[in-house]
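Report on the structure given below.
The values are calculated or read from the model by the stated rules, or taken from the named source; none is laboratory data. Since the model is a prediction, treat every value here as computed from it, not as a measurement. Here the Cβ is made from the backbone with ideal geometry for all residues, glycine too, and neighbour counts use every protein chain on show. Calculation scope for accessible area: heavy atoms of the full protein, side chains included, ligands and nucleic acids excluded. Shrake-Rupley method; radii C 1.70, N 1.55, O 1.52, S 1.80 Å.
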Amino acid sequence: RSLFLLSLLSNTDTTMKFAASLLLTAVGTNAFTTTPSNARSTTTQLAARKPFISGNWKLNPQTKDEALKLGKEIAASITSDSPDAEVALFVPYVFIESTMGVVGDKLSVGAEGVCPEINGAYTGAISTSMLKSIGVQWALAGHSERRVIFGETDDYINAQCLKLIDQGMSVMLCIGESLAEFEQDLAGSVCAVQLKKGLKGISKEDMSRVAIAYEPVWAIGTGKVATPEIAQNVHKQCRDILAEMYDQETADGVRILYGGSVTPDSVDELMSQVDIDGALVGGASLDSEKFGRIINFKPAE
């Protein structure tokens with residue numbers, strides 16, 4: 001067969017084309033089939049996002065001793081048998097350093113907010129450089145309580161996000177709709193506006209340092225939880241919006257967390273949804289047993 005091919009190749013161009021056709025037949029056309037560059041990521045690729053379980057202590061607890069006890073107990077719940085997940089606590093400024101000291105390297109301790117200004121006449125404000133100097137990597141931006149109670153606008157929240165990224169830190173941007181907006185089927189529209197305004201000016205290269213927390217306002221602290229199907233639907237819409245803003249690869253790499261009365265009873269089913277990559281937990285993060293169970297969620301088989 002080798003001699004036959006050599007003799008063919010020594011002849012005319014027509015013979016060379018014939019030899020090439022023989023080669024194609026021998027190896028099969030599938031060997032030359034290419035995958036479209038814009039193909040949707042597979043489930044396996046999507047599952048590569050590392051889960052992110054986080055707690056937001058808000059205006060709690062009331063003393064340093066209580067904060068240290070709680071932080072130590074939460075850290076103790078993370079063992080070699082725990083899921084391979086990133087864990088973080090967002091705590092009041094005054095407890096950040098002391099909480100870092102008791103949790104060690106088991107989890108991150110972040111800030112509940114930040115001022116987009118670096119210095120100047122901003123009484124009561126905390127800057128990114130101050131936080132970075134004590135080892136803080138993560139901070140929240142856009143939580144509904146900051147939007148509603150403290151009047152933080154989309155522009156102000158965007159400035160927070162930009163400053164954190166500029167300082168080499170990471171941000172968890174919180175978004176979500178009110179009950180009235182949810183009942184009018186406006187969840188996707190509200191999230192689209194908050195995502196586009198909040199992330200304005202952040203490049204796709206920097207999106208690796210951004211996490212999104214979808215928190216339906218009507219479920220925060222109310223005991224109401226969006227069903228896993230409702231949460232998954234909104235998370236999928238958010239990922240589609242990110243794909244429109246950047247590209248599909250970038251969108252598939254962003255972790256989107258669910259927040260809104262997450263409990264030990266609801267976490268497993270929530271975490272089984274393909275586009276839910278973690279949880280931002282409020283009330284349950286103040287109970288080490290409950291939060292420990294959430295950290296140790298049972299991954300879908």
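Numerical summary
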quantity: Matching residues in segment 194-214 - criterion: being touching a residue at least 24 places away in the same chain (Cβ under 8 Å) and either open to solvent by 70 Å² or more (accessible area, probe 1.4 Å) or of a type in the set (Lys, Arg) (or both); calculated: Lys196, Lys197, Lys200, Gly201, Lys204, Ser208, Arg209
quantity: Those residues of segment 171-193 which are touching a residue at least 24 places away in the same chain (Cβ under 8 Å), among the aliphatic types (A, V, I, L, M) and open to solvent by 50 Å² or more (accessible area, probe 1.4 Å), in sequence order; calculated: Leu179, Val193
quantity: Residues located in segment 178-209, provided they are of a type in the set (Gly, Ala, Ser) and farther than 17 Å from Ala251 by Cβ; calculated: Ser178, Ala180, Ala187, Ser189, Gly201
quantity: So Val217, is it modelled with pLDDT of 95 or more and surrounded by 18 or more Cβ atoms within 10 Å (Cβ to Cβ); calculated: no
quantity: Which listed residue is more than 20 Å from Ser189 (Cβ to Cβ) and crowded, with 17+ Cβ neighbours inside 10 Å, from Asp277, Asp268; calculated: Asp277
quantity: Leu23, sole failed condition from (1) at pLDDT 95 or above; (2) open to solvent by 80 Å² or more (accessible area, probe 1.4 Å); calculated: (1)
quantity: Among the candidates Ile294, Ile276, Ile230, Ile256, residue that is farther than 30 Å from Phe95 by Cα and among the aliphatic types (A, V, I, L, M); calculated: Ile230
quantity: Ile230 at negative phi and open to solvent by 10 Å² or more (accessible area, probe 1.4 Å); calculated: yes
quantity: Residue that is in contact with a helix residue (DSSP H, G or I) (Cβ under 8 Å, 6 or more places away or on another chain) and touching a residue at least 60 places away in the same chain (Cβ under 8 Å), where the choices are Asp247, Asp275, Asp240; calculated: Asp275
quantity: Flag for Ala251 being surrounded by 16 or more Cβ atoms within 10 Å (Cβ to Cβ), over 15 Å from the mean Cα position of the chain (by Cα) and farther than 23 Å from Gly55 by Cα; calculated: no
quantity: Any hit, segment 282-298, residues being farther than 25 Å from Trp218 by Cα and either in contact with an Asp or Glu (Cβ under 6 Å, 6 or more places away or on another chain) or buried (at least 22 other Cβ atoms within 10 Å of the Cβ) (or both); calculated: yes
